1. Among the residues of the stretch 63-80, which ones are under 17 Å from residue 373 (Cβ atoms) and either of a type outside the set (Gly, Ala, Ser) or touching a helix residue (DSSP H, G or I) at 6+ places or on another chain (Cβ under 6 Å) (or both)?
2. Can you tell me how many residues in the stretch 209-225 are surrounded by fewer than 22 Cβ atoms within 10 Å (Cβ to Cβ) and closer than 18 Å to residue 260 by Cβ?
3. I'd like to know if the stretch 400-419 contains one or more residues that are under 28 Å from residue 238 (Cβ atoms) and in a loop (DSSP other than H, G, I, E, B).
4. Of all residues in the stretch 290-309, count the ones that are of a type outside the set (Val, Ile, Thr) and surrounded by fewer than 16 Cβ atoms within 10 Å (Cβ to Cβ).
5. If you scan the stretch 131-169, which residues turn out to be surrounded by fewer than 18 Cβ atoms within 10 Å (Cβ to Cβ) and either free of Cβ contacts under 8 Å to residues at least 12 places away in the same chain or within 22 Å of the chain's Cα centre (by Cα) (or both)?
6. Check whether at least one residue in the stretch 108-124 is among the small types (Gly, Ala, Ser), open to solvent by less than 40 Å² (accessible area, probe 1.4 Å) and closer than 30 Å to residue 250 by Cβ, and report yes or no.
7. Which of the residues spanning the stretch 58-100 are more than 20 Å from residue 265 (Cβ to Cβ), touching a strand residue (DSSP E or B) at 6+ places or on another chain (Cβ under 9 Å) and among the polar types (S, T, N, Q)?
Amino acid sequence: MGACEAMNFVARSIGGYKDYNVFFDTALAQLRDERRYRVFADLERIAGRFPRAIWHSPNGPREVVIWCSNDYLGMAQHPEVVSAMVAAAWRMGIGAGGTRNIAGTNHPLVELERELASLHGKEGALVFTSGYVSNQTGIATVARLLPNCLLLSDALNHNSMIEGIRHSGAERQIWRHNDTGHLEQLLRAADPDRPKLILCESLYSMDGDVAPLHRICDLAEGYGAMTYVDEVHAVGMYGPHGGGIADRDGAMARIDIIEGTLAKAFGCLGGYIAANANVIDAVRSYAPGFIFTTALPPPICAAATAAIRHLKASNTERERHQDRAARLKSVLGAARLPVMASDTHIVPVHVGDPEKCKLASDLLLSHHGIYIQPINYPTVPRGNERLRITPSPYHDDALIDSLAEALDAVWDRLELPRREVQGRFG
């Protein structure tokens, strides 16, 4: 019996009186039965010592090493970024003071949007409170402004993109992941005069694979479609100036709308879109998720601008990061751990069982002082459960070797399969 059926049964059985707690208890019980109930680790990061942190465990504080952070380059602790944030806080205070329309358009936010537009070679940029919101409200707004818009979405697009598509109310068609042949079939079948928007990510964070951006742009140009590319796991990380996969591949000028985040490689908070000035102005003027929410605070904006400017000028962090990712894959592969194939900084290790995936994570944390959150359904399909490892420039050789030894011990204890994985699962 699923959660909805169980709740309906309970409602019928208790008649007029409703103990509403029963509904929530039933929903939570189903998550636990399916091994999908999430437990959060209470972590206190140590500035200047990333990736080390204090884990406030049930038995008291303990130092651990984080191996799954989205602060990919450790920019959240970079002296220039911290200094910019502190200086802005002393100068302007903490909060933004309102929505963008009502007193919240602070000068550091205006400077940040200019920096983002420059990073992506676009006429304008618009900052949102998170990457999730920038996708959810950005996609929905753009699609509503295009009459009878057809949305063509990659099958593995992030939940925030899916929610944006749903909120748009527009017709959607799903094309098989990175299968541009299938995408062309859908485009060919569509009315040539109908507005169309192709949506994809540049780098898919669970598998670490990359979209064929130039081929997608070829199809968009050939069939009269706009393009929307999510670069959240690539901005700051790739390209000569940190503009993402599109920057690396020379495709930025061909993409209509680029979406990104300030919360990963840039180490701060917030999301954004970058595009032509009229697209940005239209979203600014029509998007409820932008209009009716408080603006990002000045200190956050100043810190993000400092991070972007640093990474536009410096390749040191990116080069070191790629070196660490390559060494980690090599060491884990030598230990015959099932590392899934990836050409990027994402290092997924396949487990394939939700309970054992959670047990592996628990053992790493409690016995080895290593924190890697398990990735289970619905983030990945059932049978594709994994540990998603994200090295940083600060994970030195000793930490990599310690991780390999810990994973080796956990794999033995849980009798997990050791096999070479040549590609994606499922």
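The values are calculated or read from the model by the stated rules, or taken from the named source; none is laboratory data. Since this is a predicted model, take the numbers as computed values, not measurements. Glycine also receives a Cβ, built like all others from the backbone with ideal geometry; neighbour counts cover every protein chain displayed. Each accessible area value is taken on the protein alone, full model and side chains, heavy atoms only, with ligands, DNA and RNA left out. Shrake-Rupley method; radii C 1.70, N 1.55, O 1.52, S 1.80 Å.
1. To start, the set of residues in the stretch 63-80 that are under 17 Å from residue 373 (Cβ atoms) comprises 64-72.
The answer is 64, 65, 66, 67, 68, 70, 71, 72.
2. Residues that pass the stated criteria total 2.
3. no
4. Of the residues in the stretch 290-309, the ones of a type outside the set (Val, Ile, Thr) are 290, 292, 295-299, 301-304, 306-307, 309.
In the following step, the residues that additionally are surrounded by fewer than 16 Cβ atoms within 10 Å (Cβ to Cβ) were identified as 292.
Counting residues in the stretch 290-309 that are of a type outside the set (Val, Ile, Thr) and surrounded by fewer than 16 Cβ atoms within 10 Å (Cβ to Cβ) gives 1.
5. Start the filter on the stretch 131-169 by keeping residues that are surrounded by fewer than 18 Cβ atoms within 10 Å (Cβ to Cβ), which leaves 144-148, 155, 159, 162-163, 166-167, 169.
Scanning the stretch 131-169 gives 155, 159, 162, 163, 166, 167.
6. As a first pass, look at the stretch 108-124 and keep what is among the small types (Gly, Ala, Ser): 117-118, 121, 124.
Subsequent filtering for residues that are open to solvent by less than 40 Å² (accessible area, probe 1.4 Å) retains 117, 124.
Next, only the ones that are closer than 30 Å to residue 250 by Cβ stay: 117, 124.
Yes, some residue in the stretch 108-124 is among the small types (Gly, Ala, Ser), open to solvent by less than 40 Å² (accessible area, probe 1.4 Å) and closer than 30 Å to residue 250 by Cβ.
7. Hit for the stretch 58-100 is 99, nothing else.
Listed here are the residues, each with its yes/no results for (1) buried (at least 21 other Cβ atoms within 10 Å of the Cβ); (2) more than 18 Å from the chain's Cα centre (by Cα); (3) in a helix (DSSP H, G or I).
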{"site": "311", "(1), (2), (3)": "yes, yes, yes"}
{"site": "320", "(1), (2), (3)": "no, yes, yes"}
{"site": "326", "(1), (2), (3)": "no, yes, yes"}
{"site": "345", "(1), (2), (3)": "yes, no, no"}
{"site": "348", "(1), (2), (3)": "yes, no, no"}
{"site": "352", "(1), (2), (3)": "no, yes, no"}
